[in-house]
């Protein structure tokens, strides 16, 4: 990757063109499912909000909540502070609601779900049968179960293991079901972590969210299996607005995974989600994301705009939350999973790998708000930038005057592959008492020539060598993922960087 | 702002100062453009990204603050150094209190004289580097300074300058709003040192534009005035040619509000730049270092080393950025900002940024914040050193990494003595 080689890469010989072409094809999940859909009319207005609410048979208070969010959203402007550039989004040129026609009558069980939908998830490696393991994972422990909620465009297709979970007292269902079946819980918690007024995209989400996952873990319960949601955007010109709410009562514990993919299309599609986590005394939530939305092609055509608000509120003492994210997809990512450390001795962790290649742009990071005494936070962020991509870490650590004895450690490292890309770090650190400590380190470097040479000597191709080095660079984060995801993520790291080596 | 006759606060800000003596055409054109620039960008406000931690209200206020003049009995800083002394009283050049404006390897004149010359080399620098420094972040106080400053010196170093030029800022009036603008050019192979000290005014706004040609060296050492409630807003805009050398160090002790902006553009390869600062604050004190270094050439090194000791509710702010442009390969960028908080009321707010568009670079930044290490204190106390003294030793040791950026050992020692003096006065 010397400068000379990079210049050679920009040349126009046939081999190069072919090599670059194959990159776009490497997105494994780029197929579209041909399925009959029911759409709400394009655009967003109060009628669309009412329509979405009525499609979900929502109570009046939910509709009012949505409408007040919508009225506020109309007065808001899009945030411009992130280091991302994209053409203006026409919010009236998007379908806000799309569901497969076969879902109009909600299937009673997974057996009744349209086989085409089940086939789609099977192709994605997420079979919606109640089997012990996710497909394609070898060598995983026997008997590990993962319950899946599958969201297809605007609706949840089905949720597995609901019965077994219910026996443990755990509620795991789609958001639309939760509003119907557990209105008191939804009403009590929705919008209390990310208020409908929070930011442009969260407010829009509050008005038009169609589905998402709901998890309630009662006091003292350790969720008997991993929970996961798989988001799939399929329909054209459709935005996905899902809302996830997870509540862990006193002493509860849960690990939640989230995956997402979309077909390859030339248009940009919008995904604006809100995730709220509520963690009470001694409770523990581990939230892992492998974000693999379609990133657009090598010229930056198409791809998902991923504008997501995720926040965890550690309300009780000794509450614990861990965000882990592997961000390899999306044309533009704007995402800051945050922790409000309100309870004394509560803990927040954020592990992130963000990989951008070709024309991708990512502006991602976290906020750690220390309010309780002796609260701890740890941030490990690894940004990898290749092609012509821009990758920004943006984070805030704020230790309030009363959060005495608190501690933060932040490490953000950036790796640049090629001389056309950018890597940026924008941390904010606010320390307002002296018994707390903040430490921040950041480095930016390129793939070490000597390491590369060493691997090449052992017979690896240059791409394999880079993938290995990058995996090593990102190991600290990969290790904090649940096993099923760790394997997938490692493969993803290699795929995302394919074609990035001169 | 108070004055109803102005349409907007920026006009009020401009109206606060008397018009400077009229200069020649090029100077007036530059001033006019600066005035337009100021009006265009508007006054600094809390909503501006780079004013989020420092409230500019007192800097914007129409009324000039009334600040008691600090009477010091100790030997002034840099007193023992042989120097060419230039004195400003309440922001106005004082020939009586200054040496002759001449020296070996130096061309030196007042800003007034330089700006009234029809042809002057300063036309390539005055307002030019300041304008370059307005992107991507607006610095309205600098534009205002270019538009209205009538005082300052214009220095051209043509060879090895035998002694440093010392700019001393004295005060006689308790209320004074001073604008001082220096224009400096260090020619190829020349070597110039500038010393600055004193509060200068109850509210001081300075701009120093420094153009260092290929192979030139520039050293800057500054001790800001300690008058308790004074306000200061300073700017350095530097352009560094190939194989040049730039070093700047600032000591800030007390003062109610200090904002030091440093904007450096590295345009030639193999250049070295270092910006450092030590600050000590007790009580109603806010100190803000906002540093912006742009690498636009290969094989350059830049360092930012800032240390702050804060107590009794003092606030330290650091906003530093290293921007490496496409093609600025082999850049070595280093940035460290650290604060020692001596009690629970003090604050440290930092935003150390990296923006990098080249792959073969090594850039790092670190930032830490915390109390004096109890274990180290215990170690010293167990050796018979009283607690307060042990703490002072730790303060001085903490600040020393910044002091080490000063090349001249004698001057570094002078600064160290001042630090210790502060620690003694503010013991416990």
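Against the numbered list (1) within 17 Å of residue A:332 (Cα to Cα); (2) facing another protein chain (nearest Cβ under 9 Å); (3) outside any strand (DSSP E or B), residue A:433 comes up short only at (1).
How many residues are buried (at least 24 other Cβ atoms within 10 Å of the Cβ) and assigned to a strand (DSSP E or B) if we restrict to segment A:291-307? Residues that pass the stated criteria total 5. Taken over segment A:445-468, the criterion of being within 14 Å of chain B (Cβ to nearest Cβ), under 24 Å from residue A:327 (Cβ atoms) and either crowded, with 17+ Cβ neighbours inside 10 Å or at pLDDT below 80 (or both) is satisfied by A:445, A:446, A:447, A:466. Scanning segment B:375-400 for residues that are in contact with a strand residue (DSSP E or B) (Cβ under 6 Å, 6 or more places away or on another chain) and more than 14 Å from chain A (Cβ to nearest Cβ) returns a single hit, B:399. Restricting attention to segment B:158-176, does a residue exist that is out of contact with any strand residue (DSSP E or B) (no Cβ under 9 Å at 6 or more places or on another chain) and in contact (Cβ under 8 Å) with a residue 40 or more places away in the chain? Checked segment B:158-176: at least one residue is out of contact with any strand residue (DSSP E or B) (no Cβ under 9 Å at 6 or more places or on another chain) and in contact (Cβ under 8 Å) with a residue 40 or more places away in the chain. Here segment A:375-392 is the region considered, the condition is being touching a residue at least 40 places away in the same chain (Cβ under 8 Å) and within 9 Å of chain B (Cβ to nearest Cβ), and the residue that is farthest from the chain's Cα centre (by Cα) is A:390.
Within segment B:340-374, being more than 7 Å from chain A (Cβ to nearest Cβ) and within 18 Å of residue A:408 (Cα to Cα) holds for B:340, B:372, B:373. Among the residues of segment B:362-387, the one identified as touching a residue at least 40 places away in the same chain (Cβ under 8 Å) and closer than 12 Å to residue B:324 by Cα is B:363.
Counted as qualifying within segment A:19-126 are no helices (runs of 4 or more DSSP H), as none has 1 or more residues that are surrounded by 19 or more Cβ atoms within 10 Å (Cβ to Cβ), within 14 Å of another protein chain (Cβ to nearest Cβ) and touching a strand residue (DSSP E or B) at 6+ places or on another chain (Cβ under 9 Å). Filtering segment B:35-89 to residues that are touching a strand residue (DSSP E or B) at 6+ places or on another chain (Cβ under 7 Å), surrounded by 18 or more Cβ atoms within 10 Å (Cβ to Cβ) and in a loop (DSSP other than H, G, I, E, B) leaves B:53, B:54, B:65, B:77, B:78, B:83.
Each row is one residue, and each column tells you yes or no for (1) assigned to a helix (DSSP H, G or I); (2) free of Cβ contacts under 8 Å to residues at least 40 places away in the same chain; (3) touching a helix residue (DSSP H, G or I) at 6+ places or on another chain (Cβ under 8 Å).
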| site | (1), (2), (3) |
| --- | --- |
| A:451 | yes, yes, yes |
| A:455 | yes, yes, yes |
| A:460 | no, yes, yes |
| A:466 | yes, no, yes |
| A:470 | yes, no, yes |
| A:476 | yes, no, no |
| A:486 | yes, yes, yes |
| A:490 | yes, yes, yes |
| A:494 | yes, yes, yes |
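Determine which member of the set B:149, B:143 is out of contact with any strand residue (DSSP E or B) (no Cβ under 9 Å at 6 or more places or on another chain) and crowded, with 22+ Cβ neighbours inside 10 Å. After applying the criteria, what remains is B:143. Does at least one position in segment B:307-320 carry a residue that is away from chain A (no Cβ under 12 Å) and part of a strand (DSSP E or B)? Yes, there is a match, as at least one residue in segment B:307-320 is away from chain A (no Cβ under 12 Å) and part of a strand (DSSP E or B).
Residue under question is residue B:420, and the condition is that it be within 24 Å of residue B:221 (Cβ to Cβ), modelled with pLDDT of 90 or more and in contact with a helix residue (DSSP H, G or I) (Cβ under 7 Å, 6 or more places away or on another chain); does it hold? No, not satisfied.
Of all residues in segment A:158-169, those satisfying the criterion of being in contact (Cβ under 8 Å) with a residue 60 or more places away in the chain and either farther than 16 Å from residue A:110 by Cα or assigned to a helix (DSSP H, G or I) (or both) are A:164, A:165. Annotation note: of A:417, A:438, the sole residue that is touching a residue at least 40 places away in the same chain (Cβ under 8 Å), facing chain B (nearest Cβ under 10 Å), buried (at least 23 other Cβ atoms within 10 Å of the Cβ) and touching a helix residue (DSSP H, G or I) at 6+ places or on another chain (Cβ under 9 Å) is A:417.
The values are calculated or read from the model by the stated rules, or taken from the named source; none is laboratory data. On a predicted model such as this, the values are computed, not experimentally measured, just so you know. Quick reminder, even Gly has a Cβ in these numbers, built from the backbone with ideal geometry, and neighbours come from all protein chains shown.
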